[in-house]
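This report concerns only the one structure given below.
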Amino acid sequence: MITISTYKIKIVLLGVATLFLACDDSREKELSYKSPKGEPIGIAYEVRMVYTDSTKVKAILTAPIHEDFTNLSLRHSTFPKGVKVIFIDDLNQKNTITADQGTMYENTGIIDLVGNVVLEASDGGILTTSQLYWDAEQDWIFTEQNFHFVNTEYDVDATRLDTNKEFTKFKTGKLTGTVEVSEQ
């Protein structure tokens, strides 16, 4: 017959009780943690997001800071210290957009680029505006703001832009400037 002293039983029970209390306490703290209203639930530095389609890289977004606000009712992330997006087409040509800041909306996949927005096209064209939207799912760029676009054939100002990321198909609003036209 094995006899266990009362002292040993008390030590074992005390150890088990401490273990359960410690687990319950940490679990309660974990469940009760919530980010204060308006605060990001996460911050990342030197971010690089790669957008692909059928394993082919279509765009690369980089930013020094990424703040995650997906805990709010309007789920979004911000790039408060600048953002750069490089679009890569099927011929491996690159168009680049830079902006002072950006906001990525979780439910729509649209990225709002704001402040000193510059699009540098692979053919040397440059578009400047104060705000530009990029629909990452549709690979489409648009704005309702005034913009200036210049390349070897164009030097225009307009009030609206709707274009693909390659900048080969586009629609504008009221247009002023110089456009080279060839007769056929």
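Checked against the criterion of being in contact (Cβ under 8 Å) with a residue 60 or more places away in the chain and not acidic (Asp, Glu), the candidates TYR51, TYR133, TYR45 yield just one match: TYR51.
Taken over segment 111-139, the criterion of being over 18 Å from ASN92 (Cα atoms), surrounded by fewer than 18 Cβ atoms within 10 Å (Cβ to Cβ) and modelled with pLDDT under 90 is satisfied by ASP135, GLU137, GLN138. If only residues of segment 27-60 that are modelled with pLDDT of 60 or more and among the small types (Gly, Ala, Ser) are counted, the one that is farthest from ARG75 (Cα to Cα) is SER54. Go through the residues of segment 61-77 one by one and say whether even a single one is in contact with a His (Cβ under 8 Å, 6 or more places away or on another chain) and either in contact (Cβ under 8 Å) with a residue 60 or more places away in the chain or of a type in the set (Phe, Trp, Tyr) (or both). The answer is yes, given that some residue of segment 61-77 is in contact with a His (Cβ under 8 Å, 6 or more places away or on another chain) and either in contact (Cβ under 8 Å) with a residue 60 or more places away in the chain or of a type in the set (Phe, Trp, Tyr) (or both).
Quick check: is even one residue across segment 62-79 basic (Lys, Arg) and outside any loop (DSSP other than H, G, I, E, B)? Give the steps one after another, and end with the answer.
Of segment 62-79, the ones basic (Lys, Arg) are 75.
Now drop any that are not outside any loop (DSSP other than H, G, I, E, B), which leaves none.
So far as segment 62-79 goes, no, none of its residues is basic (Lys, Arg) and outside any loop (DSSP other than H, G, I, E, B).
Does any residue of segment 80-102 turn out to be within 28 Å of THR55 (Cα to Cα), outside any strand (DSSP E or B) and at pLDDT 95 or above? Yes: segment 80-102 contains one or more residues that are within 28 Å of THR55 (Cα to Cα), outside any strand (DSSP E or B) and at pLDDT 95 or above.
Could you run through segment 143-167 and say how many residues are charged (D, E, K, R) and either modelled with pLDDT of 85 or more or more than 15 Å from GLY125 (Cα to Cα) (or both)?
Start the filter on segment 143-167 by keeping residues that are charged (D, E, K, R), which leaves 144, 153, 155, 157, 160, 162, 165-166.
In the following step, the residues that additionally are either modelled with pLDDT of 85 or more or more than 15 Å from GLY125 (Cα to Cα) (or both) were identified as 144, 155, 157, 160, 162.
Residues flagged as charged (D, E, K, R) and either modelled with pLDDT of 85 or more or more than 15 Å from GLY125 (Cα to Cα) (or both) within segment 143-167 amount to 5.
Being at pLDDT below 85, under 27 Å from THR52 (Cβ atoms) and touching an Asp or Glu at 6+ places or on another chain (Cβ under 9 Å) is the requirement here; does PHE170 meet it? Before you say what the answer is, go through the steps one by one.
Values: at pLDDT below 85: yes; under 27 Å from THR52 (Cβ atoms): yes; touching an Asp or Glu at 6+ places or on another chain (Cβ under 9 Å): yes.
Spelling it out, PHE170 is indeed at pLDDT below 85, under 27 Å from THR52 (Cβ atoms) and touching an Asp or Glu at 6+ places or on another chain (Cβ under 9 Å).
The values are calculated or read from the model by the stated rules, or taken from the named source; none is laboratory data. Model, not experiment: these values are computed from the prediction. Don't worry about glycine lacking a Cβ; one is built from the backbone with ideal geometry, like all the others, and counts go over all protein chains shown.
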